[in-house]
Amino acid sequence: MKKVLLVLFSVFTVLFFISCGSKPAPEEQKPEAPVVEENEEPETPVSDEVDSTVEPETKQLSEEELAALIAKIDEARDIAVQAGAETIAPDLLKSIDDSYAKSKEEYLQDSADALILRYSVLAGYAKAKNAKNEIDENDFAGFAQKNYDDGVAFFQKVEESLSNIETIDSSVLKNAESAYSNFNNVITVAYKRMAKDQRNLAYEAKVKADSVKAGVSQKERYKEAADNFKSGDTLYSMQSPKKALEKYTLAESKFTELYEEVSEKRAAAQAAIDAAKRKVQESSQFAEQADEESPITEKLDGIEDADTVLLEEDDYENPEDAEADISEDIDDEEIVEESDDTDKELIESESDTENEESELSTQVIKENVQDEVEVE
């Protein structure tokens, strides 16, 4: 029995070693390299202290940059105020101002673009509103009805968008600009037609003033009226018909005043001349009668000499030379040529016209008439 057990033990031992030899020996497991070690870079420990310094470096503005940003916002606000925002939409202006003040306390950089856009929209809205009011108050819509209707459509879109300033975007600004552009075209067309009509009236007044030689007897005032007329032509050609209308109106008024005053004076002078003629005729008849009754037989020295000149010879120039050279009509396509250094503010200034007029001697006649009236 012991032998049997011994044999079996031996067999099991052999089988055990055979089984162990049939399996490959387990390879040594190497730990996988971490990814960070394959692309190994120097490790930079991240701490709360580093985070607090990195954030401001990427977003914080310098004092100069912040000042420039505030200047841009202030400029946009000033434009809105100049356009009439304080009167047209005071509540909306205050709302944007409140947002501006709050942004200064928090972080202005994040809301700067939105603030500038809102102020710009407000400026465009105020300009369009003022233009629309001018059209409605003067009943100008009929001068360019389609432009007026299109302007109203854009304007209504802007008003709807302004009900919530938080949703304002660039499309609202475009609508405001389109509304103003259409309204402004209506105003321009209206004033151009009115200016042309007023120019015709001013020209008629000039013709009347010329008919009584106002440029001779009232040289300075006549020149002032002519300068206003020519300034109106300049402004009209530079697409400023509203100001041109003002100049034409002033020119008509001055030419009319000259015509009426000179006409009145000429009538009075003519009456004096007629009276003087009658007086001279009566004196002549009286002299003839006296000569018949008591003739002068002695020669008077001086006045009866052959070369005696009792009155100096008159040397009058042509009165038409004193008339301003102004054409009856104005061409809508006329372009005013300006030198490079001419300031655009010429539109808001009066035309400096250099119109040299001839000096005519009419005072001699008036003095003679006055002397005759005093003798009477």
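A few points about this structure:
- Residue list for the range 156-173, restricted to those being in a helix (DSSP H, G or I) and more than 22 Å from THR87 (Cα to Cα): THR167, SER170, SER171
Residue by residue, here is whether (1) modelled with pLDDT under 95; (2) among the small types (Gly, Ala, Ser) holds:
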site	(1), (2)
ALA126	no, yes
GLU137	no, no
GLN145	no, no
ASP150	no, no
ILE168	yes, no
SER178	no, yes
ILE187	no, no
SER217	yes, yes
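- Count of the range 179-213 residues, restricted to those that are farther than 11 Å from LYS254 by Cα and either of a type in the set (Gly, Ala, Ser) or under 25 Å from the mean Cα position of the chain (by Cα) (or both), is 22.
- Qualifying residue in the range 192-210 (condition: small (Gly, Ala, Ser) and open to solvent by 50 Å² or more (accessible area, probe 1.4 Å)): no
- Residue count, the range 98-113 (criterion: under 12 Å from ILE73 (Cα atoms) and open to solvent by 40 Å² or more (accessible area, probe 1.4 Å)): 4
Residue-by-condition table, conditions (1) touching a residue at least 40 places away in the same chain (Cβ under 8 Å); (2) surrounded by 18 or more Cβ atoms within 10 Å (Cβ to Cβ); (3) in contact with a Leu (Cβ under 9 Å, 6 or more places away or on another chain):
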| site | (1), (2), (3) |
| --- | --- |
| ASP233 | yes, yes, no |
| MET238 | yes, no, yes |
| LEU250 | no, yes, no |
| LEU258 | yes, yes, no |
| GLU264 | no, no, no |
| ILE273 | yes, no, no |
| ARG278 | no, no, no |
| GLU282 | no, no, no |
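- Per the listing ALA128, ALA144, ALA176, ALA153, the residue uniquely touching an Asp or Glu at 6+ places or on another chain (Cβ under 9 Å), over 14 Å from ILE96 (Cβ atoms) and part of a helix (DSSP H, G or I) is ALA128.
The rows are residues; the columns are (1) over 16 Å from ILE330 (Cβ atoms); (2) part of a helix (DSSP H, G or I); (3) basic (Lys, Arg).
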{"site": "VAL216", "(1), (2), (3)": "yes, yes, no"}
{"site": "ARG221", "(1), (2), (3)": "yes, yes, yes"}
{"site": "GLU224", "(1), (2), (3)": "yes, yes, no"}
{"site": "ASN228", "(1), (2), (3)": "no, yes, no"}
{"site": "SER231", "(1), (2), (3)": "no, yes, no"}
{"site": "THR234", "(1), (2), (3)": "no, yes, no"}
{"site": "ALA244", "(1), (2), (3)": "no, yes, no"}
{"site": "THR249", "(1), (2), (3)": "no, yes, no"}
{"site": "SER253", "(1), (2), (3)": "yes, yes, no"}
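- Verdict on VAL81 being open to solvent by 30 Å² or more (accessible area, probe 1.4 Å), in contact with a Phe, Trp or Tyr (Cβ under 7 Å, 6 or more places away or on another chain) and among the hydrophobic types (A, V, I, L, M, F, W, C): no
- In the set (1) open to solvent by 30 Å² or more (accessible area, probe 1.4 Å); (2) more than 14 Å from ASN175 (Cα to Cα), LYS129 fails one condition alone, (2).
The values are calculated or read from the model by the stated rules, or taken from the named source; none is laboratory data. Please read all numbers here as calculations on a predicted model, not as lab measurements. Cβ coordinates were reconstructed from backbone atoms using ideal geometry, including for glycine residues, and neighbour counts include every protein chain displayed. What goes into the accessible areas is simple: the full protein's heavy atoms, side chains included, and nothing from ligands, DNA or RNA. Shrake-Rupley method; radii C 1.70, N 1.55, O 1.52, S 1.80 Å.
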